[in-house]
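First the structure, in the form of structure tokens, and then the observations on it.
The values are calculated or read from the model by the stated rules, or taken from the named source; none is laboratory data. Source: prediction; values computed, not measured. Positions of Cβ are backbone-derived with ideal geometry, glycine not excepted, and every protein chain shown enters the neighbour counts. Heads up: the accessible areas ignore ligands, DNA and RNA and are worked out on the full protein's heavy atoms, side chains in. Shrake-Rupley method; radii C 1.70, N 1.55, O 1.52, S 1.80 Å.
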Amino acid sequence: MSVSSLARQVLPLKNISDLNSIVNHIPDTVKVVLIGEASHGTQEFYSIRAELTKQLILQKGFNMVACESDWPDALEVNRYFKGQKRDADDSLTRYSRFPTWMWRNTVVKDFVEWMKQHNDTIENDCDTLGFYGLDVYSLQSSRDEVVNYLETVDKDLAQKAREHYGCFDKFGVSEQSYAYNMKLGLEKSCESSVLKVLHEMVKRHGEFVANSKMGEDEYFYALQNAKVIKGAEKYYRNMMRGGNVTWNIRDKHMMQTLLDLMEYKEKVQNRTPRVVVWAHNSHLGRANHTDMGWRRKQTNLGELVAQHFPRKEHYNVGFTTFTGTVTAASNWHDDPHFKKVNRAMEGSYERLFHDVIKTAGIDKLPHKRFAILMDKLDPDTYKFLSKTRLERYIGVIYRPQSERMSHLSDSCITRQFDCVMHIEHTSALVPLEIHPQWKVQRDKYHQHEDDVPETYPFGL
């Protein structure tokens, strides 16, 4: 009975225009829309997210996209918007660290090109779109960016920064080496050295902007790189204490970067900040309604946003799939594989949504895609859907042979997200660089797979 009730209340996704129903449902008071993904390698999650973001920009005036991406890498996209890069592909070349396909893929390239074309129609730079990274991993490249900026405003301070950041050099280029030394207490941490550079940059903000032709934007970019170094040092210093500690450090850093971006847009550019955040479901679904918060005592960006902003100012969208293919590695730093995604397990939300499609029938859901708007459900159906179930999480690693242990966790999806989009059969994200192994696996799959999903958008 409850599956039937849910099937009657889902929003079919038959074509792109159906996304307007979701956009129109998001209140005009919302400043932050979080759009997730159930894997880091699914074409439909990326494509639908990009289309939804375009509509938020065009219809609701959103002006920034902030990603689960390194800050200096994402800045190259902004430099493309300013004419400093050859094309969209060139602006993404800095994404050279594993997993490259996460941002160097066909969907992101096309979306960046769309943003550039949109910005070219706008006269005032303060009204143009921005593309930013929120993550904490870029210790080495952020060091270079800070020093390069300081060379343009104060060569003496640039040299001091080199010396302070040189604290890391004894550990080589491996952040893991720093982590091991901190765990064993073999060396003094670089925390104080990192903070000295950051504090000096903050103290001399007015001087740097006044005496530099580079202006507020480049100062802000450099300052954020200095903050990344601070966050990265803390992350790697605590790396050996366990995943819960570093997970929280990372997501709190992403939250602070998001707040810094919004403050900059409002106070320096004098515009109301409205941000679309792109990251994995595990970062954006509210942690307090998942096993992350219940058992592991982890927070995440979605939970921190919910705690910081009034309820009317944030909206949260997640994705699920029943089966299909995915671009993922088997181990960290491995080459990408084209992998088949297991059919969803019994007791999972993904299996429930599969049953919804079977119940609804082909007439209502011809493309086997739908959205659930949680506040549109009747009370009984909402209660039914709020029962704790398993939810699948595929990151850059996918190990289908140990799926239950590696990729499933308990959650309450009605409180985790405001909207969930289910795509029954998804396809692997297409990287810009096709690895020979990935191509062989894709070709072999399609030779033996009769049920090949339609390409997004909605079979067009």
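Kindly indicate which of Gln307, Gln269 is open to solvent by 10 Å² or more (accessible area, probe 1.4 Å), at pLDDT below 95 and at negative phi.
Gln269
Output the residues belonging to region 214-244 that are assigned to a helix (DSSP H, G or I) and open to solvent by 40 Å² or more (accessible area, probe 1.4 Å).
Scanning region 214-244 gives Glu216, Asp217, Lys227, Lys230, Lys234, Arg237, Met239, Met240, Arg241, Gly243, Asn244.
Residues in region 332-342: is at least one part of a strand (DSSP E or B), open to solvent by 70 Å² or more (accessible area, probe 1.4 Å) and in contact with a strand residue (DSSP E or B) (Cβ under 8 Å, 6 or more places away or on another chain)?
yes
Checking Thr323 against (1) over 21 Å from the mean Cα position of the chain (by Cα); (2) open to solvent by 40 Å² or more (accessible area, probe 1.4 Å); (3) among the polar types (S, T, N, Q), only one condition comes out false. Which one?
(2)
Name the single residue, out of those in region 226-272 being touching a residue at least 24 places away in the same chain (Cβ under 8 Å) and of a type in the set (Val, Ile, Thr), that is farthest from Asn300 (Cα to Cα).
Looking at the filtered set, the residue picked out is Val268.
Which ranges mark the strands (runs of 3 or more DSSP E) fully within region 368-436 that have 2 or more residues being hydrophobic (A, V, I, L, M, F, W, C) and under 19 Å from the mean Cα position of the chain (by Cα)?
Qualifying strands (runs of 3 or more DSSP E): 419-426.
Being surrounded by fewer than 19 Cβ atoms within 10 Å (Cβ to Cβ) and in contact (Cβ under 8 Å) with a residue 12 or more places away in the chain narrows it down to one of Thr426, Thr388, Thr381, so name that one.
Result: Thr388 is the single residue among Thr426, Thr388, Thr381 that is surrounded by fewer than 19 Cβ atoms within 10 Å (Cβ to Cβ) and in contact (Cβ under 8 Å) with a residue 12 or more places away in the chain.
Please determine, by comparing only the residues of region 34-62 that are among the charged types (D, E, K, R) and open to solvent by less than 10 Å² (accessible area, probe 1.4 Å), which one is nearest to Arg274 (Cα to Cα).
Selected residue: Arg49.
Just to be sure I understand the filter: pairs with C-beta atoms under 9 Å, separated by 6 or more residues or on different chains, first member in region 197-211 and closer than 14 Å to Ala158 by Cα and outside any loop (DSSP other than H, G, I, E, B), second member at pLDDT below 95 and among the aliphatic types (A, V, I, L, M). Which pairs pass?
These pairs meet every condition: Phe208/Val153; Phe208/Met214.
When the residues of region 84-102 are filtered to those that are out of contact with any Gly (no Cβ under 9 Å at 6 or more places or on another chain) and of a type in the set (A, V, I, L, M, F, W, C), which remaining residue is most open to solvent (accessible area, probe 1.4 Å)?
Phe98
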